[in-house]
1. Name every residue in the range 384-411 that is assigned to a loop (DSSP other than H, G, I, E, B) and among the hydrophobic types (A, V, I, L, M, F, W, C), in order of residue number.
2. With (1) part of a loop (DSSP other than H, G, I, E, B); (2) within 24 Å of G233 (Cα to Cα) as the list, and L124 as the residue in question, which single condition is left unmet?
3. Restricting attention to the range 582-599, which residues are free of Cβ contacts under 8 Å to residues at least 24 places away in the same chain, under 15 Å from V656 (Cα atoms) and in contact with a strand residue (DSSP E or B) (Cβ under 8 Å, 6 or more places away or on another chain)?
4. Spot the failing condition for A65; the list is (1) more than 35 Å from the chain's Cα centre (by Cα); (2) at pLDDT below 95; (3) not in a loop (DSSP other than H, G, I, E, B), and only one is missed.
5. Somewhere in the range 48-62, is a residue surrounded by 12 or more Cβ atoms within 10 Å (Cβ to Cβ), over 35 Å from the mean Cα position of the chain (by Cα), at pLDDT below 90 and of a type outside the set (D, E)?
6. Would you confirm, using the coordinates I've provided, whether I43 is in contact with a helix residue (DSSP H, G or I) (Cβ under 8 Å, 6 or more places away or on another chain) and surrounded by 22 or more Cβ atoms within 10 Å (Cβ to Cβ)?
7. Look at I663 and say whether it is touching a residue at least 60 places away in the same chain (Cβ under 8 Å), touching a Lys or Arg at 6+ places or on another chain (Cβ under 7 Å) and of a type in the set (A, V, I, L, M).
Amino acid sequence: MPADKLHITLAGREHVVEAGTTAGQAIESAGDGLAGAQAGEVIAARVNGVVRDLAHPLADGDEVAPVGISSPDGLAILRHSTAHVLAQAVQELHPEAKLGIGPPVENGFYYDFDVDQPFSPDDLKAIEQKMRQIVKQGQRFSRRVVTDAQARDELAAEPYKLELIGLKGGKGADVGAEESVEVGGAELTIYDNLDSGTGDVRWKDLCRGPHLPTTRKIPAFKLMRSGGAYWRGSEKNPQLQRIYGTAWPSREEQDSYLTMLAEAERRDHRKLGTELDLFSFPTEIGSGLPVFHPKGGTIRRVMEDYSRRRHEEADYEFVNTPHLTKAELFETSGHLGWYKDGMFPPMELEGATYYPKPMNCPMHILIYASRGRSYRELPLRLFEFGTVYRFEKSGVVHGLTRARGFTQDDSHIFCRPDQLADELASLLDFVVGLLRDYGLTDFEAELSTRPEKFVGEIAEWDRAEAALKHALDASGLPYVIAEGEGAFYAPKIDVHVKDAIGRRWQLSTLQVDFQEPGRFGIEYTAADGTRQRPQMIHRALFGSIERFFGILLEHYAGAFPPWLAPVQVVGIPIADAHVPYLEEVAARLRKRGIRMQVDSGADRMQKKIRTAQQHKVPYMLLAGDDDMNAGAVSFRYRSGEQRNGVPIDEAIAEIVAAVEQRIQV
């Protein structure tokens, strides 16, 4: 190959290009139809597996693939570049602002600033307007490698950047995932924003990149809000001001996202919990510790009762364990070493140290170990609605979906090694089937495999991963493999679900545990009389009752299907004289297990109908003189549809069938 020619592989095909060709030039010269370019406009390249700027110069033998703006890598680059534009706009308007970090995050980006005063809504409007000016100017993102000394000299006025440079040079392990956006990689780099006409540096930032070619490649963005955030996530550090934004490959995609956010706000379970009188968080009790009101308690009881019934059918055995335990139990299990920061502080009682339990598994192991076990007893499936306590930081506590006290629908399955694959397949089928019964239908799974640092034997990991993959293949669920994302002690399956407005929630987890059985020394007597160690599977189906309650509340926007609704039927009399008639109907429905109330208050009929609709009651039965004379009711649905003159027996049969069959109305 001549010295002035390069032999490269571009999207799987061999090409010869001139020396000095950049990744962007090579992709452009190849024309349309490149594999991977379907994810929108090409804004970066993957060179030898590493995502690079389009301006990256190629070397002989490089393997190159285009990165489209709508791909996961492309979205991260778009959002990271927009974060730089945000920081430039802030420093142009507020020259005194000191820079923190500005990474891309799911659906958007943020940047942290040290400023004298928190940003106001008017500040955000001005900053967004300045950002639009920068975008229109088409400033070019330009990468250059610098030495430690050069970086310190150029960023001498940025104390937080200097701290990151120090971490990079001395204690790289202290650099977090988000900070690595600034300093990650084998070398220090600075990105300059260059004037499109003169080439002068308009702004600069310590950053590993990559970035868009120019600011003009940012199609759509919006600043969302601002708030406080501790530097590097520690309360011991200064509190900075964080500005959040979102950025998308098109205006249409951004509008769709903003519409979803508005709908999510309407469905916010904390708001609905108050409006529908379901639960609250009394300050007298403490942050992250909910109490359920009668209506919320009814929904929760029905959820739990149905789950218990299904578990009984699946041959689970019910257990119950206390809320706190001596520290020695969590020393044996290893949780005090692995998880102490997430546990509530200990208490001293009668000379012993006790902890509120953060998980139920060690106690379930003690139940298994309470007597000798035979291979004939396995698989042994233990199940508990077990309340646990985890000391979540106040900044992450979020209603029911991130609480400090919650109840897990927790199961631990003990089985022989030869039973593991079939048990996991059956278990995954059970998990998905039960979630479907609650009205969730759009699933995807993730198999997390052995990380770089792990405990146990590779052969054990291989068997467990193969068993988990067998379960996924048998289930027919779509799934992805998260290479190296397993916990250091075991691989796992996480089941994700999409709700009614397309949001993705992680729900159930199935995990094969290599450590706990050995730490507790549990055994069973095998068919040949030898003592063998059982396999152990952790399984939380809902994750927690509280979190699942919150997810369902938002999924249904408070309009629970009849079988879950706290009040399934409201009787609405036309006049006081019709109350006894509807009370008789209510008595008949209650005998069939239906939750009916008769609104005998002083409000007019139309106000009672509106109240029932606001409370999202599935059915309303109205009665006047004609209905009483005919032994009928006017049958009104939550949707507003109404059928008049429906015989009482027919109305009761329809309601009972809808509840028993878990029909949505």
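1. Hits for the range 384-411 are F391, V396, V397, L400, A403.
2. The number of the failed condition is (1).
3. If the condition is that a residue be free of Cβ contacts under 8 Å to residues at least 24 places away in the same chain, under 15 Å from V656 (Cα atoms) and in contact with a strand residue (DSSP E or B) (Cβ under 8 Å, 6 or more places away or on another chain), then A586, R590 are the ones that fit.
4. It fails just one condition, (1).
5. no
6. Numbers: in contact with a helix residue (DSSP H, G or I) (Cβ under 8 Å, 6 or more places away or on another chain): yes; surrounded by 22 or more Cβ atoms within 10 Å (Cβ to Cβ): yes.
Yes, satisfied.
7. Values: touching a residue at least 60 places away in the same chain (Cβ under 8 Å): yes; touching a Lys or Arg at 6+ places or on another chain (Cβ under 7 Å): no; of a type in the set (A, V, I, L, M): yes.
Judged against the criteria, I663 is not a match.
Quick grid of which residues meet (1) more than 24 Å from the chain's Cα centre (by Cα); (2) open to solvent by 80 Å² or more (accessible area, probe 1.4 Å); (3) at pLDDT 95 or above; (4) closer than 27 Å to S120 by Cα:
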| position | (1), (2), (3), (4) |
| --- | --- |
| I218 | yes, no, yes, yes |
| S226 | no, no, yes, yes |
| A229 | no, no, no, yes |
| R232 | no, yes, no, yes |
| K236 | yes, yes, no, yes |
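The values are calculated or read from the model by the stated rules, or taken from the named source; none is laboratory data. The model shown is predicted, which means the values in this text are computed figures rather than measured ones. Using ideal geometry, Cβ is built from the backbone for each residue, glycine included, and neighbour counts are taken over all protein chains shown. Protein only, heavy atoms only, side chains kept; ligands, DNA and RNA dropped before computing areas. Shrake-Rupley method; radii C 1.70, N 1.55, O 1.52, S 1.80 Å.
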